[in-house]
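One structure below.
The values are calculated or read from the model by the stated rules, or taken from the named source; none is laboratory data. The structure displayed is predicted, hence computed values, not measured ones. For neighbour counting, all protein chains shown are included, and Cβ atoms are generated from backbone atoms with ideal geometry for every residue, glycine included. Note: areas computed on protein heavy atoms with side chains; ligands, DNA, RNA excluded. Shrake-Rupley method; radii C 1.70, N 1.55, O 1.52, S 1.80 Å.
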Amino acid sequence: MKKVTVICPEKIGTVAPEIYGHFSEHIGGVFYDGLWVGKDSEIPNIRGFRKDLVEKLKAIHPPVLRWPGGCYAETYNWRDGIGENRPVRTNWWQHRDGRVESNAVGTHEFIDLCEMIGAKPYFAVNVTSITPLEALNWMDYCLSPRGTTTLALEREKNGHPEPFDIPYWGIGNENWGGGGNMTPDSYALEYRRFATVLKNFCGNRGEVIVGGADGADYLWTEGLTANLAHAKGRIPVDGMSFHYYCGKSGDCVDYTTEDWYILIEKALRMEELINRHSAFTVAHGMKDRMKLVVDEWGCWHPDGSGPSKGYNLFEQQSTMRDAVVSALTLNIFNNHCDCVKMANVAQLCNNLHCLFLAGGEHCITTPTYHVFDMYKGHQGGQGLRTLVSDNEDIRNGISVSSSVKDNVLTVTLANLSCEADAEVSLDLLGLDRKVESVSATVLASDDMRNHNTFEAPNAVTPVCAALDISSFSVPKAGVVALTVTLA
Ligand code: AHR
């Protein structure tokens, strides 16, 4: 039996709701025939967005949605996506499969989606192919008070007199690669120009996020943080991103026990990445200004396993393995909530590690969706230090995190083993209140490869369970969320 000890008086920090964030890029089927079906579609929609999806997404309290890319952001001209008669353009990704970008979804539509689902917008600013002045114009268009600038008047003419609320502005995307193939120093110089201009305009209405490393590229983080720290003036920065895809191991839906453990081990590396990237911000005295924003993360399986069978670029099915990767990753973020301020799983629909698969009249949720639903109680809670006994071997390991908000303690557990259930006892050490009730939600399946399809949309779905916290099971390849109500 493993003993899980929640050290109730030991608070790590606030679990920023934004850790439960999402990402939606103009790529493959994320928007077109995914999130967006168009206002004139026969598919039930709210001002063009798929109604079923909007309602399900809202139910899991998405705190933030990143847009328009990804690499797509680095050739995006915001002017293409406003007003009437929008130009049709090539798309960074889709010129490869002959599809073009209609720009049907632009700034107004995206903000409308955010408002429908209750998420804050997180814009990725093009650094590679526009100037800081053009980026400033986008900000002016979005944020200037009603009736002030020419761009604010244009926004009003396009149907939104009041400024948009856009609290996060990422400066570039993957600037070590698709974002201009820059070096840490050359990117830092671009960042200084964009961030100075944009932050001067938005002040405390917006945060500017510096583009960080590709996974374990610590040289990037070292160079970037040193460059910003040694500038003559104080460079505005409100967070540092990095991306980590744990990748693939075997096929998306047809994998072996060995494949399972290889992928779980790769996903667990997120913890070391957080510790090491964060260390550079500490070393340069910028820890508070440069909390981490893991604005792309997830599994990246071989193409072709989703319902569109390869037509939608990067679309993949999502099994119990993806659910466990989601659960352990979110546990890592919760356990490091003192240095992670946002994370955005990539991507929301019909793509890598998605929560929804949609096409035509179909729209289903993946096991990953259910994990985000089961974990939503952590949002805004105080993260609590949590220990697990006897947990060195991942084949027999579990991943845990806990948090408390008002009178509710949330404990989430993922079983890293795909072979054996984990027997667990929960000790609430130092709890100064009585436990009134405990409820549990369990996501599990008799086959670790199980997933939902258009034909069987609820093959994997969570169930409520009654359990005794002094002795309970976390099913193999399964996830359990406990809600402990305190007096
Ligand atoms: O999520 C797909 C792509 O992966 C994004 O456009 C890019 O940022 C990353 O390499």
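Just so you know, in the range 273-308 the residues that are closer than 28 Å to M448 by Cα and acidic (D, E) include one that is most open to solvent (accessible area, probe 1.4 Å), and it is D303. So, D140, is that one assigned to a helix (DSSP H, G or I) and open to solvent by 20 Å² or more (accessible area, probe 1.4 Å) or not? When the stated conditions are applied, D140 passes them.
Restricting attention to the range 84-117 and to residues that are assigned to a helix (DSSP H, G or I) and in contact with a helix residue (DSSP H, G or I) (Cβ under 7 Å, 6 or more places away or on another chain), the residue that is farthest from V64 (Cα to Cα) turns out to be T107. Looking across the range 58-78 at every residue that is within 23 Å of G159 (Cβ to Cβ) and away from the ligand (no atom under 16 Å from the Cβ), the one that is nearest to the chain's Cα centre (by Cα) is identified as K58.
Within the range 231-272, the set of residues being open to solvent by 20 Å² or more (accessible area, probe 1.4 Å) and more than 29 Å from H284 (Cβ to Cβ) comprises K248, G250, D251, V253, D254, T256, T257, E258, D259, I262, E265. Looking only at residues in the range 309-350 that are over 19 Å from Y122 (Cβ atoms), among the aliphatic types (A, V, I, L, M) and within 16 Å of the ligand (Cβ to nearest atom), the one that is most open to solvent (accessible area, probe 1.4 Å) is L313.
Step by step: first the residues of the range 423-450, then only those that are closer than 18 Å to P462 by Cα and hydrophobic (A, V, I, L, M, F, W, C), then the one that is farthest from the chain's Cα centre (by Cα). Which residue is that? So, considering only residues that are closer than 18 Å to P462 by Cα and hydrophobic (A, V, I, L, M, F, W, C), the one farthest from the chain's Cα centre (by Cα) is V438. Against the list (1) surrounded by fewer than 23 Cβ atoms within 10 Å (Cβ to Cβ); (2) closer than 13 Å to C202 by Cβ, the condition S129 fails is (2). Do you know which residues across the range 407-432 are open to solvent by 30 Å² or more (accessible area, probe 1.4 Å) and touching a Gly at 6+ places or on another chain (Cβ under 9 Å)? The answer is V408, D421. For the range 219-264, a tally of residues being in contact (Cβ under 8 Å) with a residue 24 or more places away in the chain and either within 16 Å of the ligand (Cβ to nearest atom) or of a type in the set (K, R) (or both) returns 11. Residues of the range 1-25 that are crowded, with 24+ Cβ neighbours inside 10 Å and in a loop (DSSP other than H, G, I, E, B): V15, S24, E25. The residue pairs whose first member lies in the range 69-87 and is crowded, with 21+ Cβ neighbours inside 10 Å, whose second member is among the acidic types (D, E) and not in a helix (DSSP H, G or I), and whose beta carbons are closer than 6 Å, counting only pairs six or more residues apart or on different chains, are G69/E25; G70/E25; Y72/E25. Yes or no: the range 163-175 includes at least one residue that is farther than 21 Å from L65 by Cα, modelled with pLDDT of 95 or more and not hydrophobic (A, V, I, L, M, F, W, C). No, every residue in the range 163-175 fails to be farther than 21 Å from L65 by Cα, modelled with pLDDT of 95 or more and not hydrophobic (A, V, I, L, M, F, W, C). Please tell me if I209 is closer than 18 Å to M342 by Cβ, more than 16 Å from the ligand (Cβ to nearest atom) and not in a helix (DSSP H, G or I). Here the answer is no, as I209 does not meet what is asked.
Candidates are the residues of the range 31-49 that are over 15 Å from I111 (Cα atoms) and of a type in the set (D, E, K, R); the one that is least open to solvent (accessible area, probe 1.4 Å) is D33.
Residues in the range 181-205 that are surrounded by fewer than 20 Cβ atoms within 10 Å (Cβ to Cβ) and in a loop (DSSP other than H, G, I, E, B): N181, T183. Taking the conditions (1) open to solvent by 10 Å² or more (accessible area, probe 1.4 Å); (2) within 19 Å of the chain's Cα centre (by Cα) in turn, R395 satisfies each one other than (2). In the range 335-382, counting only strands (runs of 3 or more DSSP E) that sit wholly within it, the ones holding 2 or more residues that are in contact with a Ser or Thr (Cβ under 7 Å, 6 or more places away or on another chain) and in the same structural domain as G310 (by TED's automatic domain parsing) span 356-359.
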